[in-house]
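Notes for the one structure printed next.
The values are calculated or read from the model by the stated rules, or taken from the named source; none is laboratory data. Since this is a predicted model, take the numbers as computed values, not measurements. Methodologically, a virtual Cβ is constructed for each residue, glycine included, from the backbone with ideal geometry; neighbour enumeration extends over all protein chains shown. Heads up: the accessible areas ignore ligands, DNA and RNA and are worked out on the full protein's heavy atoms, side chains in. Shrake-Rupley method; radii C 1.70, N 1.55, O 1.52, S 1.80 Å.
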Amino acid sequence: MLKPLSNRRWFWIALLIALAAALAFYGSTFATRAYLDQAATRGKTTLRLAVAALQGQLNRFEPLPSLIADNDDIKELLAAPNDPGLRDRGNAYLRQINTLLQSSDIYVIAPDGETIIASNFDRPVSFVGENFSYRPYFQDAIKGKRGRFFALGTTSLKRGYYFSAPVHVGGAIRGVVVFKVEVDAIEASWLGGDDEIIVTDPEGIIFMAERPEWLYASLLPLTPERRARTAASRRYANATLRELPVARGNFENRLSLMTVNFERQSSEYLVLSEVMPDAGWTINVLLDTRSARTQALTTVAAALLTLGLAALGGFVLLQRRARLAERMEMQRFAREELERRVEERTHDLALVNTRLETEVAERRTTERQLRQTQADLIQAGKLAALGQMSAALSHEFNQPLAAVKTYADNAAVLIERDRAAEARDNVVRISSLADRMASISRHLRNFARKPNEKLGAVDLAEVVRDTQEIVAWRLKAANATLLVDLGRTPLAVKAGSVRLQQVLVNIITNAADAVEGLPDRRIELQARRRAGKVLITVRDHGSGVADAIAERIFDPFFSTKGVGKGLGLGLSISYNIIKDFGGSLGVLNHPEGGALFTIELEAMRNTVREAAE
Ligand code: ADP
C-alpha cells in the first residue's frame, strides 16, 4: 500500500538533494583543484627536467666558441683574411671539430659581417660569403661579448641556437666565431611525453614545439613593434608569423590556464612556464586539462553514485524498519483485539454461567417445592383414600353388624318366648350376614395378597363355562342375557383360571348392573386370537362409562353405585390380576352405546387345565 510521504521524509529527500547539489558543486571544484594540482605537480617536474635538459645542452656548448677563437690558425686567418691557404686550413679545421662536437655549424665572421670560413664550406648550402651582420649574436660578439641567439637559419633554414665569441688578435677584435647547435634533436626528445612542451621567444613566438604546426605562431598579439623587432634580427628568416588564437585564464588565481582554438578544436591547457633569461627564452609545459577535468567529473559522479547508493540503502533500511514496525503494530493490534474479544466472550460466558447458576438454583427450588407438593398431594391422596376406604368399610361392616345385633337381640327374645323356629331363622340370618362380611374381608385380603399361583395355559372355554355358572343368578336377577362367542378354535391363555374367572365374574356382574332396568339387556362376551394374543371383550348395552370417570374406574374404592351397593374394588382388583398375568385391561365406550371392556392376554398353545389356586 502506497502511503503519502510524511513531512519528515520530505525533509530527508530535500536534504539529500541539497547534499547532492553541494557535493556536485563543491566536489567538482575540489576534485578539479586536486587533479589540476596533481597535474601541475607533474607539469612542474616535466618543466624542471626540460629546463635542466636545455640548460645542460646550452652550458655544454657555451664555452666552445671562445675555445675556437683562441685557436692560432683562426687568429692568423683573421690577421690575413684573404689568404686562401689559411682559409682552406680554417675550413678543414672547422669541419673537423664540427664533426667531433656533433654541432650543426661552426663558422667565422669577419668584422664586416661576412663569413670567411665555415664548417659547411664544401656543402651545397654554405655560409661562406654570407653576411650575418644583422644577427644579434654577431653584434654582441663584435663588441667583445659572448653572444647567444636562437633563430631559424636564413641560409640553412634550420632552427638553431647560436653561440658566438669575439676573436682577439693583438688586442683588437678581428672577427667572430659562431657555433650553431640544432634544436631539432632536443625537440625530438620531448616527443612521446604526455605533456606538451613549447619554447617561446621574448616576443611570445613559439620557437620550439612538439607540434610543427604551432611553430612561429605567437601566443601574444603580433603588434607592429614585435614584428619590427623580429624582422631586425631576422630571427625567423622568411617564415610567416601568425597569431595562435588563445584565451588566457586562470584557476583560482593560482594556476594559469590557456585555451587554444586551433583548427576548429578547442583545447584547454594548464600552463607552467619558466623563463630562462640566459637563453632568452621561456619554456612552457602545457598540460591538457581534459583528463584532470574528466577525472574530477568521474570522481564526483562516483561520489554522487555512492551517495545515491548510500541514500538508497538508507531508504531501504528505513523502509524495512518501517514495515517491521508496521507489522509489529498490526500484530499488537490483532493481539489486543483478540484479548478484548476473549475478555468479552469470557464476560459473556460468566454472565451466562451466572444466569445458569441462578436458573439451576431456581429449578432446584422449584423441584424441591414440586417434590414437597407431590409429597403433600400423595399424603393428601393417601388420607383421602384411607378416609374413603374407612367410610366404605365402616358402612359395609356396620350395616350387617347392626342387622346381626338386631337379629341376635330378636333371637334372644324369641328364645325367651320359646319361639325356637323363628329364633333359628334369625340365627340363620346372622350366619348369612357373617358370610357376607367374610366375603368382604376375603375381597380385601385378595387385594393385599400377592398371588403365588403359577401361571400357565388356561382353557378359556372352561373358564367362561365356570363363570357362566357363577353369574347365572345375577343375570337372572337383572333379567340380562349373556351371549358368548369364543370362535371356532379353542383358545388357551396364559393366566390363573380362578383369578381369570374372578375377573370375568366382576366384569359381567358390572355389565348386569349397567343394563338392569334398561330395554336392551344383552351382554356379549367374545374372544379372538390376534397376533399371539387373545382379546376377550365384554360389551353391554348400558349407558357406558362417562368420560369424566373413565380414568378413575380402575382406582380402588371408586364406585358410582352408592353406599352399600358397590365397594369400588372389583375393577381395581381385576386390573391388578390381569397385570399379574402380563396382560392388560381397558375400557372404551362402544360407538353404538354401552361399555366395552377388553382383556388382552398372551395366547398359549396347549390347553392344560390349571390347578386350582
Ligand atoms: P363397584 O361395582 O363396586 O362399583 P367396580 O370397581 O366394579 O366397583 O366398578 C367401579 C365403577 O365402574 C362402577 O361403580 C361403575 O360406575 C363403573 N362401571 C363398571 N362397569 C360398568 C359398566 N359395564 N357400565 C357402566 N359403568 C360401569
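Its alpha carbons considered, the chain gives a radius of gyration followed by a Dmax of 82.7, 244 Å. Projected label points at residue 425 and residue 328, each 7 Å from Cα along the beta carbon direction, are separated by 12.7 nanometres.
Geometric descriptor of region 153-192, per residue, is 62 Å³ (volume of the convex hull of the Cα atoms). When Rg and the Kirkwood Rh are both derived from Cα coordinates, the Rg/Rh ratio for region 242-300 amounts to 1.05.
Summing Lys and Arg as +1 and Asp and Glu as -1 over all other residues whose Cβ lies under 12 Å from the Cβ of residue 254 gives a net charge of -1. Loop-located trypsin sites (Lys or Arg not before Pro) across region 518-586 with a Cβ neighbour count of 13 or fewer within 10 Å are 552, 561, 565, with loop assigned by DSSP. Computed over region 42-138, the convex hull of the alpha-carbon atoms projects to a mean area of 7.6 nm².
Projecting the Cα atoms of 511, 475, 532 onto the charge dipole of region 459-533 (Cβ charges, centred on the Cα centre) puts 532 farthest toward the positive pole. Simple rule: put +1 on each Lys or Arg Cβ and -1 on each Asp or Glu Cβ in the chain, find the dipole, and look at 346, 221, 168; the Cα lying farthest toward the positive end is 346. Per the Debye calculation on region 312-411 with a single equal scatterer at every Cα and no solvent contribution, log₁₀ I(q)/I(0) for q = 0.11, 0.12, 0.21 Å⁻¹ amounts to -0.74, -0.78, -1.05. The alpha-carbon atoms of region 474-551 define a convex hull whose volume equals 122 cubic angstrom per residue. The slack between residue 291 and residue 16, meaning 0.36 nm per residue of separation minus the straight C-alpha distance, is 96.1 nm.
The Cβ shell under 14 Å around residue 336 holds other residues with a net charge of -1, Lys and Arg each +1, Asp and Glu each -1. Take the Cα of residue 472, step 7 Å toward its Cβ, do the same at residue 254, and the gap between the two points is 16.3 nm. Counting only alpha carbon atoms, the long axis of helix 289-416 and the longest principal axis of the chain meet at about 10°. In this Cβ point-charge picture (+1 for Lys and Arg, -1 for Asp and Glu), the chain has a dipole of about 1600 debye about its Cα centre. In terms of the Cα gyration tensor, with a ≥ b ≥ c the square roots of its eigenvalues, is region 519-585 rounded because a/c is under 1.5, prolate because a/b exceeds b/c, or oblate? It comes out oblate by the Cα gyration axes. Solvent-accessible area per residue in region 486-613 equals 51 Å², computed with a 1.4 angstrom probe and all protein chains kept. A convex hull fitted to the Cα coordinates of region 465-613 yields 123 cubic angstrom per residue. Axis of helix 460-478 versus longest Cα principal axis of the chain: the two differ by about 60°, to the nearest ten degrees. Counting charges near residue 515 (Lys, Arg +1; Asp, Glu -1) among other residues having Cβ under 15 Å from its Cβ returns a value of 0. Between residue 266 and residue 312, the FRET efficiency estimated from the beta carbon spacing at R0 = 25 angstrom works out to 0.05. Both radii are taken from the alpha-carbon atoms of region 80-135; with Rh as the Kirkwood radius, Rg/Rh is 0.96. Taking a ≥ b ≥ c as the square roots of the eigenvalues of the alpha-carbon gyration tensor, region 79-194 is classed prolate because a/c is 1.5 or more and a/b outweighs b/c. The angle between the Cα long axis of helix 497-515 and the main principal axis of the chain comes to about 80°, on a 0 to 90 degree scale. Find, among the trypsin sites (Lys or Arg not before Pro) in region 250-317, those assigned to loop by DSSP (not H, G, I, E, B) with at most 11 other beta-carbon atoms within 10 angstrom. Passing sites in region 250-317 are 254, 264. Each peptide in 404-415, 153-164 receives the mean, over its residues, of other Cβ atoms within 10 Å, and ordering these scores from highest gives 153-164, 404-415. In region 1-71, the convex hull through the Cα atoms has an average projected area of 7.2 nm², a quarter of its surface area.
Counting protein heavy atoms only, region 452-516 has 52 percent of its accessible area on carbon and sulfur, 1.4 angstrom probe. Applying Stokes-Einstein at 4 °C and 1.567 mPa s to the Kirkwood radius of region 217-370, computed over alpha-carbon pairs, gives a translational diffusion coefficient of 51 µm² s⁻¹.
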